[in-house]
Structures are given as C-alpha cells and as structure tokens.
1. Quick one: is Ala95 of a type in the set (A, V, I, L, M), modelled with pLDDT under 85 and either outside any helix (DSSP H, G or I) or under 47 Å from the mean Cα position of the chain (by Cα) (or both)?
2. Considering the range 239-262 alone, what residues qualify as being more than 24 Å from the chain's Cα centre (by Cα), surrounded by 14 or more Cβ atoms within 10 Å (Cβ to Cβ) and outside any helix (DSSP H, G or I)?
3. What is the residue count in the range 64-84 for residues that are exposed (fewer than 12 other Cβ atoms within 10 Å of the Cβ), touching a helix residue (DSSP H, G or I) at 6+ places or on another chain (Cβ under 9 Å) and of a type in the set (Lys, Arg)?
4. Considering only the range 290-309, state which residues are more than 19 Å from Arg245 (Cα to Cα), open to solvent by 30 Å² or more (accessible area, probe 1.4 Å) and at pLDDT 60 or above.
5. How many residues are modelled with pLDDT of 90 or more and within 22 Å of Lys79 (Cβ to Cβ) when one looks only at the range 1-45?
6. Just to be sure I understand the filter: pairs with C-beta atoms under 7 Å, separated by 6 or more residues or on different chains, first member in the range 72-96 and under 18 Å from Glu41 (Cβ atoms), second member aromatic (Phe, Trp, Tyr) and part of a loop (DSSP other than H, G, I, E, B). Which pairs pass?
7. Hey, among Gly155, Gly165, which residue is surrounded by fewer than 16 Cβ atoms within 10 Å (Cβ to Cβ) and within 39 Å of the chain's Cα centre (by Cα)?
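The values are calculated or read from the model by the stated rules, or taken from the named source; none is laboratory data. Note that the coordinates shown come from a computational prediction; the quantities given were computed from them, not determined experimentally. No Cβ is skipped: glycine too gets one built from the backbone with ideal geometry, and neighbour counts run over all protein chains shown. In case anyone asks, the SASA skips ligands and DNA or RNA and just uses the protein heavy atoms, side chains included. Shrake-Rupley method; radii C 1.70, N 1.55, O 1.52, S 1.80 Å.
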Amino acid sequence: MDLLGLFKRPQKEDLFNKFPDGVLIVSLEGKILDANSKALEMFRVSKSQIVGEFFSAFVDGGSNLLNKLVLQKCVMVSKARVKDAQDDYYFEISASRDSLVQKVYVTLRNVTNSYKMQNMVNGQYEIAKNIIDEKNNYLVSISGEILSSLATIDGFSRALSDGVGGVLVDKQMKYVNIINKNAKDLTYDLEKLFTIFRLESNLYQYDFRNFDLVNLLNAIVKQYAPVFARKKIIFESNFSAIATRGCFLDQGVLEYVIKSILDAFIENVQIGRVALSAGNPPIAFLEKHDFDAKVSKDSNSYVLFEMKASELFFDEDELQTLFEPYCTLNKNKRPLSTKLTFVLAKKFIKYFKGDIWVYSKPAFGTMVTFVVPLDRK
C-alpha cells in the first residue's frame, strides 16, 4: 500500500476534474482553452474535439452571452449543442473574467429536464388561461340572454299568482310561488356569478367619483331596517366614529358589497342580532396589516367596516375556502349566493387596495371586517 500517496498534494489537473459542474476556460476572443471532465461528458466530446474551438460552436449566444454574464454577474440558461443528440439540451451558465490572465472561467450545469418542464408548464398555463378568458368572455356576452329568460319566468309566474290567467286553486298557487322563488334565487345567483366572470375578464367598468360615505350608509340602513324587523332580527348601526365623510371610490360597488353581506346575513340568520358599524381605523391596525405608507399621515385615509351576525357560524373548512370561487364543500348546504357574496367582496375590496377578514366562532357568531381607502386616486 502506498501510504505516502495519502499525503501527496492533489495536482491542478485533479482539482479541475473534481468540480461537480462543467468548467470551461475561454480566451477573450471566445476560443475554448481547456475543459474539465464534467464539461466533456456534458458535450459528449473529447478534449481534442473541444479545445481550440469557439465557445459559440457549443452554446447559443457565444461571446455576446459570455460578455453579458461577466458584466451583469448573472446566471442564464442557453441552448447547448451536444454531439449526436437528437433532443435539445439546455445548460445553466455563469462566467467570470480573470483580468490578470485575460481568461474567462465558465461553469455549466445541465438543466434540460427542469427547463423543458418549466416551458411545458408555462405553455400549458398560457393555453389554459386563453381557454378561461374565452370562456369568461363568452359567458359575459350571453349573460343578458340568460337573465332575460329568467326575468320572463319571474314575470309570468308573478302574473299568474296575481290572477292574470284566472283564479288559481291552492295547489296551483303553491307551485307557481315555488317557480317564482326559484327564478328569483337563480337570477340572484347568476348575476353574482356573471359579475365574477366579468371581473376575471377585466371587462368590469368602474365609476369612481366623490360621495358622502355617511349618507350612503344611512340610506342602506333605512332600506334594510324593515327587512330585519319583519324577520324579528335586531339590526343595529353606528357610524359616529367616521371622522372623514368624503370618499372617492365606486359608490355603487361599495354599496353592492355592503348590501350583499347583509343579504347573506338575512339568508342565513333566523334570530339574533345584526350590526353594521364603520369608523376610521387606528394607525396600529393599519401598521399591523401592512397598509401603504399612508399610515404615516393619519388613520383618516381609510375606513374600517365591521358587520356582525350573532347567530351565523362558519366552520373552519368553510372559512378556509370562503374567498375561493370554484371550491365547494358538499357537507355545507348554504345558498350559492352566500359563497359568491364573499368571493365578490374580496375581489372588489382588493381592487380598492383594501382587505377583508371573516372571523367566526360558535358562541360569538360571525364578524366580517374590511378596510378600504377613502381615496383611490
């Protein structure tokens, strides 16, 4: 046994070939001066077949690519020419220049499989996105026809129940009322669904203008107070904490979000208490949730809404998917409109550069909290 061999200093050639990546030494003119064994293996050539050849003969981009890698100190992927290869190969390449010896050191790593997979995934994503966009545009374009047909069913069923076609017996009236209710519910659900499609297709038209926020909220309370009273549900409101009444948003969208959440409460609550309050959030709240640099001014830049239903409860599974439009849980028998309400609320509020949270506990009920800026200019 050659024990002395254990203490021999490794030769330069041995170190060169021990690198896990392919290494090329290239002149400033772009000629390959040397290659380690890993690089030879990657290109499937012998040293005599690669030394003296130009770098551009083996890698797309050649000297221009090397210059870019050296100057920008970056890593890039380029197509490589591997001897006798039937398929394309891609190498991850980095380079650095030694100004003393006027040489460029190039490292190579074979990323063919991952690069092809990424291209395939990206390509499939683009195909899928185009299909989804086309589908959404189509559904938006025919939404008028579908909703018009439902409006006809709703109108004629109400006309029948009003006796336009003659007096109905009790059984007939029961069936007509069922038709009328289902037509209304389906119209309500489809209007929300088509709105989601319109948002996803970037076809939704916003109308930003100045309005008085407190006046809007008082009008909503006036409209909904009788509805809650008929259901024997206590409805409370408080907007005294709003210091800044002026608002520059899409008034119709903000009104739609608040009303839709109240509708969801009405649909899912039979007894108890519903509350709607609004005020300017404390700076600590804005900082905690990482809102803009506007927190450095004052909290009056935002408005915080809190909407609570004491007898409404979403379990953990529902909460996790409440804002995901195409995720359903079969065990929950809630109306479709409830889920669509929160999906749309999230999309609209995020567009306003705000955010929304839903908190729910059995003994507490459900609290919907959302924040939007008062000015989205």
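1. no
2. Hits for the range 239-262 are Phe239, Ile242, Thr244, Arg245, Cys247, Phe248.
3. The number of residues fulfilling the criteria is 1.
4. Asp290, Asp292, Lys308
5. 17
6. Ala80/Phe58; Arg81/Phe58
7. Working: Gly165 fails: within 39 Å of the chain's Cα centre (by Cα).
It is Gly155.
Here is a yes/no grid of residues against (1) more than 24 Å from Leu344 (Cβ to Cβ); (2) of a type outside the set (Phe, Trp, Tyr):
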residue	(1), (2)
Lys171	yes, yes
Gln205	no, yes
Arg230	yes, yes
Phe239	no, no
